[in-house]
């Protein structure tokens, strides 16, 4: 049995693009847990912090640079940490020295992040990556302190290449050791007390590391801090906040003009949360990020009108920061391919095609109409490849075709040319040479090596691929409708080639399975759209290299059972050992701390 698979190839490539070029679509967040002791160590508490994946990706893409000392201030992002600061304030609000205790609680948090050399980064990155050096830890501490209402600065000790935080308090802090005076530095009539953010000791506000005893810092004020973050972390005491989910959908706007191609991004928070801020992140070609915001309605639904003005590959994800009841959530990521928009009026003359373009960029307009090049080229190894996901094809423009039987001059006279535009005469074979056949191509290049590619193909390439005996070709462009999500599954191994297409209700529209012996196929191609002027989007995409070594079900099941049995038998002993180890570590810690105090 031989079947056409060019469209499947296109879809597979697009799926790989999503998997490798964008963050995975994940329902959960980055989770971090910090241990706290308040009220002189009598009360132990755990703070659970949740960071949306999209918020980390947003800041990671910024790639900040420090040219002057004042550039550090722009990396302080208090808005992102307001919920975390509020939880710390909740725990310290009853203290007579609430500001000092809050600042010490922030220090207790950052001291739990391991020290590691790295480039300068945003505080969200430091929190998620759970590592940082003096400058990045200080930026995190300053962000949380400022989010909690404190007046803080950065203290830059240039002679020893060290940064920490200065905290304004209207009184002298207690510090760790009552017999040592607290250290502070005056600036503009205020005294900022040193707050060391690295974890060599359990520093409190006012404690100065010995290496800084004779050093004077440069004061970096924070007037240029980031006033608003696209989203926020969430935090809770005792246990993590329950999870929520965020859906995402894509559709065409009802009206499309020559200069605008609007797409509608919509979805909802589940369970429904009214009047909540939703962020939409858009990245073009994986290079830069833009963030947009809207609010949910009374049913938790949201809506964005997105005007796409340039062709290319876009990655779109929506995010909710969460609230006091639920942790934040990210939607699935969409990969949206936008082709060149057709002219609002596009018509044929005798032997030629005409379209409207701006006179001063006529050459550029024509060159862009040559189609789309490869936008995914990935290599995989394994016994085979399995692809699953969903796609949708949307209208991105409107064309009016005038009968070719009329003379071109007559056609031009009948159509009113918009101001600033002129008709451009295109080559007779333009349609044949444009890469406007959107295809996903899966190929077995050599043994267990596979390639996945998404690209635009011209008519000649389509004809050549469909005629090859070693290519399984599936053209589903005639089976799909605009504005409808479809599910696809494709698999290629050394023994089998298969492809399935279902509508959103699960009804099979195309279903083809063949052995490699029957097809002798070395490539699988799926053609999903024959006009790259349209928008094509993908979501829930997953590409899995199949394992080359497969154990028998009997052996695998036996090994899993044995492992489970041993785990149950050893569990009581493991628990006891854990308690003993924790107790011993506590005794050692107390003794070492006493020795340090005696030595000082």
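The values are calculated or read from the model by the stated rules, or taken from the named source; none is laboratory data. Everything quoted here is computed from the prediction, not taken from an experiment. Neighbour counts run over all protein chains shown; Cβ positions are idealised from the backbone, glycine included.
Could you check, for region 94-109, whether at least one of its residues is at pLDDT 95 or above and more than 22 Å from residue 202 (Cβ to Cβ)?
no
Within the bounds of region 328-339, is there any residue that is farther than 26 Å from residue 272 by Cβ, crowded, with 17+ Cβ neighbours inside 10 Å and either at pLDDT below 70 or out of contact with any strand residue (DSSP E or B) (no Cβ under 9 Å at 6 or more places or on another chain) (or both)? Can you show your working first?
First, pick out the residues of region 328-339 that are farther than 26 Å from residue 272 by Cβ: 335-339.
In the following step, the residues that additionally are crowded, with 17+ Cβ neighbours inside 10 Å were identified as 335-339.
Narrowing the set further to residues that are either at pLDDT below 70 or out of contact with any strand residue (DSSP E or B) (no Cβ under 9 Å at 6 or more places or on another chain) (or both) leaves none.
No, because not a single residue in region 328-339 is farther than 26 Å from residue 272 by Cβ, crowded, with 17+ Cβ neighbours inside 10 Å and either at pLDDT below 70 or out of contact with any strand residue (DSSP E or B) (no Cβ under 9 Å at 6 or more places or on another chain) (or both).
Within region 452-483, count every residue that is touching a residue at least 60 places away in the same chain (Cβ under 8 Å), in contact with a helix residue (DSSP H, G or I) (Cβ under 9 Å, 6 or more places away or on another chain) and under 23 Å from residue 537 (Cα atoms).
So the count comes out to 11.
Taking residue 505 and the conditions (1) part of a loop (DSSP other than H, G, I, E, B); (2) touching a residue at least 12 places away in the same chain (Cβ under 8 Å), which numbered condition does it fall short on, given that it satisfies the others?
Every listed condition holds for residue 505 apart from (2).
For (1) under 41 Å from the mean Cα position of the chain (by Cα); (2) closer than 20 Å to residue 222 by Cβ; (3) surrounded by 14 or more Cβ atoms within 10 Å (Cβ to Cβ), each residue gets a yes or a no:
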site	(1), (2), (3)
164	yes, yes, yes
168	yes, yes, yes
180	no, no, no
186	no, yes, no
192	yes, yes, yes
200	yes, no, no
204	yes, no, yes
207	yes, no, yes
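Do you know which of the residues in region 435-450 that are buried (at least 19 other Cβ atoms within 10 Å of the Cβ) and more than 23 Å from residue 392 (Cα to Cα) is nearest to the chain's Cα centre (by Cα)? First the steps, then the outcome.
Within region 435-450, the subset buried (at least 19 other Cβ atoms within 10 Å of the Cβ) is 435-444, 450.
Next cut, more than 23 Å from residue 392 (Cα to Cα) only: 443-444, 450.
Working: 443: 28, 444: 30, 450: 26 Å.
Across region 435-450, the extreme among qualifying residues is 450.
Give me the strands (runs of 3 or more DSSP E) completely within region 240-331, filtered to those with at least 3 residues that are over 19 Å from residue 55 (Cα atoms) and in contact (Cβ under 8 Å) with a residue 60 or more places away in the chain, ordered by residue number. I'd like the intermediate steps shown before the answer.
Details: elements: 249-252, 262-270, 277-284, 288-295, 301-307, 312-322, 327-330.
Of the strands (runs of 3 or more DSSP E) lying wholly inside region 240-331, those with at least 3 residues that are over 19 Å from residue 55 (Cα atoms) and in contact (Cβ under 8 Å) with a residue 60 or more places away in the chain span 249-252.
Output the number of the condition that residue 514 fails; it satisfies all remaining conditions of (1) outside any loop (DSSP other than H, G, I, E, B); (2) at pLDDT below 85; (3) under 22 Å from residue 314 (Cβ atoms).
(3) is the only condition that residue 514 fails.
Okay, residues lined up against (1) in contact with a strand residue (DSSP E or B) (Cβ under 6 Å, 6 or more places away or on another chain); (2) surrounded by 21 or more Cβ atoms within 10 Å (Cβ to Cβ); (3) not in a helix (DSSP H, G or I):
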position: 54; (1), (2), (3): yes, yes, no
position: 81; (1), (2), (3): no, yes, no
position: 112; (1), (2), (3): yes, no, yes
position: 120; (1), (2), (3): no, no, yes
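Looking at residue 228, is it modelled with pLDDT under 95, in the same structural domain as residue 151 (by TED's automatic domain parsing) and either surrounded by 16 or more Cβ atoms within 10 Å (Cβ to Cβ) or not in a helix (DSSP H, G or I) (or both)?
On the way: modelled with pLDDT under 95: yes; in the same structural domain as residue 151 (by TED's automatic domain parsing): no; either surrounded by 16 or more Cβ atoms within 10 Å (Cβ to Cβ) or not in a helix (DSSP H, G or I) (or both): yes.
Judged against the criteria, residue 228 is not a match.
From the list 129, 125, 100, exactly one residue is assigned by TED's automatic domain parsing to the domain that holds residue 53, crowded, with 22+ Cβ neighbours inside 10 Å and out of contact with any helix residue (DSSP H, G or I) (no Cβ under 8 Å at 6 or more places or on another chain). Which is it?
Details: 129 fails: crowded, with 22+ Cβ neighbours inside 10 Å; 125 fails: out of contact with any helix residue (DSSP H, G or I) (no Cβ under 8 Å at 6 or more places or on another chain).
Result of the check over 129, 125, 100: 100.
Can you name every residue in region 291-319 that is surrounded by 22 or more Cβ atoms within 10 Å (Cβ to Cβ) and within 12 Å of residue 272 (Cα to Cα)?
302
Is there a residue being farther than 23 Å from residue 212 by Cα and either without any contact (Cβ under 8 Å) to a residue 12 or more places away in the chain or assigned to a loop (DSSP other than H, G, I, E, B) (or both) anywhere in region 141-148?
Scanning region 141-148, I find at least one residue that is farther than 23 Å from residue 212 by Cα and either without any contact (Cβ under 8 Å) to a residue 12 or more places away in the chain or assigned to a loop (DSSP other than H, G, I, E, B) (or both), so the answer is yes.
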